[in-house]
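Student: My structure is below; once you've seen it, I'll send some questions.
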Amino acid sequence: MADFLLIGAGIGGLATAQALLQLGHRVRVYEAAAELREIGAGVVLGANAMRALDELSLHDAVRPVGTPLTTVRLLNERGRVLNQADTSGFTARLGYDNLAVHRADLQRELLRALPPGVVQLGHRLARFEQTATHVTAFFENGAQATAEALVAADGIRSRVRRQLLPASQPRYAGYTCWRAVVRAQVPGLPTTGSSETWGRAGRFGLVPVADGRLYWFACVNSPAPDNPAFKAYRVADLQRQFAEFHAPIPQVLAATTDADLLWGDLYDLAPLASLAFGRVLLLGDAGHATTPNLGQGAGMAVEDAAVLARCLRAAPTDPPAAFRAFDRQRRPRTRRIVEQSRRLGQLAQFTPPWLAPLRNAALAAVPDWLTARQMAWLYQEL
């Protein structure tokens with residue numbers, strides 16, 4: 001068995017720690033934050049991610065804190081359904097749901113599954129050094145740790161990736177996003193599926209999460225990141241921005257407070273030539289961050305953990321060999337997701353207003369069965 005350092009205690013880091021511990025490896029997780037606060041909005045775990053969680057013996061802990069999604073709908077700003085897919089057929093065949101869950105609930109359950117002392121908080125990575133046999137991580141607080149391998153799960157702005165590939169920087173998607181999780185007693189809210197509305201003012205999505213809560217997101221074009229005008233937006237500004245959108249969107253915004261809002265620009269990573277670098281591996285957003293248009297960001301991190309476990313079963317005492325096998329298996333799938341998600345965002349966000357009716361007519365002409373078929377590859381591969 002081997003000794004691993006994991007950088008980052010997000011979804012990918014915690015799931016990977018569980019995978020490695022189950023295989024009998026020694027694991028130490030180092031997280032920059034001084035505390036793991038319960039913040040964040042909703043995430044969707046496709047059936048592929050739920051199957052991966054089952055491989056990691058985490059499915060039964062996560063499933064009760066989420067809401068199964070059986071339909072996906074795309075609407076125009078007047079509420080007309082342009083396209084929809086019933087995913088219940090193939091999820092039933094797979095034996096796993098597509099699950100919507102609050103990110104904080106998911107992180108809590110993943111952390112709860114780990115033994116005490118595995119996660120060390122307040123350790124922000126400064127740099128690492130790699131030799132033929134070991135990797136040593138140096139932290140800003142003066143601590144250091146050495147192991148046989150290092151897995152970077154420290155997100156899109158990964159310090160590990162920055163050291164390995166200084167030219168690989170987050171790639172701005174061209175639009176910005178507000179999110180919130182609210183309790184809204186509003187008629188017409190989705191309860192078993194998600195919806196996304198495309199209009200001239202932007203996009204607005206509704207996703208039910210557990211315990212009577214609703215996750216919503218709103219995307220608007222922004223020529224440059226960190227736009228001070230959008231940074232200053234409050235609920236009233238969003239109400240004006242989306243005033244022409246169909247019910248229940250105005251009612252959802254009315255149930256949202258300024259304190260509920262989370263705002264941020266959207267980025268991804270251009271696909272990398274490799275995820276494996278000797279005894280160092282890039283995992284999750286550190287290696288293949290994607291825009292959220294396909295709802296697969298968190299799912300890809302969980303899949304990574306399961307695939308890494310498989311690779312280590314085949315090479316339990318040779319992390320570099322396992323990392324190379326992981327790279328061969330994961331890069332084609334993650335590349336496809338990153339590229340398709342970026343294209344979908346461009347279609348949704350940057351269609352000129354005068355072309356929007358034509359775009360919507362084309363979307364409405366796509367048969368529901370074809371939509372479901374095109375989505376199936378997302379959930380069935382692992």
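Student: Sort out for me the strands (runs of 3 or more DSSP E) sitting completely within segment 164-222 that have 3 or more residues that are touching a residue at least 24 places away in the same chain (Cβ under 8 Å) and among the acidic types (Asp, Glu).
Tutor: Correct list: empty, since no element meets the threshold.
Student: Looking at segment 141-163, which of the residues that are part of a loop (DSSP other than H, G, I, E, B) and not charged (D, E, K, R) is surrounded by the fewest Cβ atoms within 10 Å (Cβ to Cβ)?
Tutor: Gly142
Per-residue answers, yes or no, for (1) farther than 30 Å from Gly89 by Cβ; (2) part of a helix (DSSP H, G or I); (3) touching a Cys at 6+ places or on another chain (Cβ under 7 Å); (4) among the polar types (S, T, N, Q):
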| position | (1), (2), (3), (4) |
| --- | --- |
| Cys311 | yes, yes, no, no |
| Ala322 | yes, yes, yes, no |
| Arg336 | no, yes, no, no |
| Trp369 | no, yes, no, no |
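Student: Return the pair list, or none, for Cβ contacts closer than 6 Å from residues in segment 301-313 that are free of Cβ contacts under 8 Å to residues at least 40 places away in the same chain to residues that are in a helix (DSSP H, G or I), at least 6 apart or on different chains.
Tutor: Taking only residues 6 or more apart or on different chains, the pairs are Cys311/Ala322; Cys311/Ala325; Cys311/Phe326.
Student: Return the only residue of Leu275, Leu253 being touching a strand residue (DSSP E or B) at 6+ places or on another chain (Cβ under 6 Å), buried (at least 17 other Cβ atoms within 10 Å of the Cβ) and at pLDDT 95 or above.
Tutor: Leu275
Student: Given the options Gly13, Gly46, Gly24, Gly42, name the one that is within 30 Å of His134 (Cβ to Cβ) and buried (at least 24 other Cβ atoms within 10 Å of the Cβ).
Tutor: Gly13
Student: Exactly one of these conditions fails for Phe138: (1) within 30 Å of Phe242 (Cα to Cα); (2) of a type outside the set (D, E, K, R); (3) surrounded by fewer than 19 Cβ atoms within 10 Å (Cβ to Cβ). Give me its number.
Tutor: Here Phe138 clears every test but (1).
Student: Now for a separate question. Which one of these does Leu370 not meet: (1) out of contact with any His (no Cβ under 8 Å at 6 or more places or on another chain); (2) modelled with pLDDT of 95 or more?
Tutor: Unmet condition: (2).
Student: With the structure loaded, tell me whether Leu206 is in contact with a helix residue (DSSP H, G or I) (Cβ under 8 Å, 6 or more places away or on another chain), modelled with pLDDT under 95 and closer than 28 Å to Arg80 by Cα or whether it fails that test.
Tutor: So Leu206 does not fit the description; no.
The values are calculated or read from the model by the stated rules, or taken from the named source; none is laboratory data. This one's a predicted model, so the numbers in the text were calculated from it and none came from an experiment. Every residue, glycine as well, gets a Cβ built from its backbone with ideal geometry; the counts of neighbours run over all protein chains shown.
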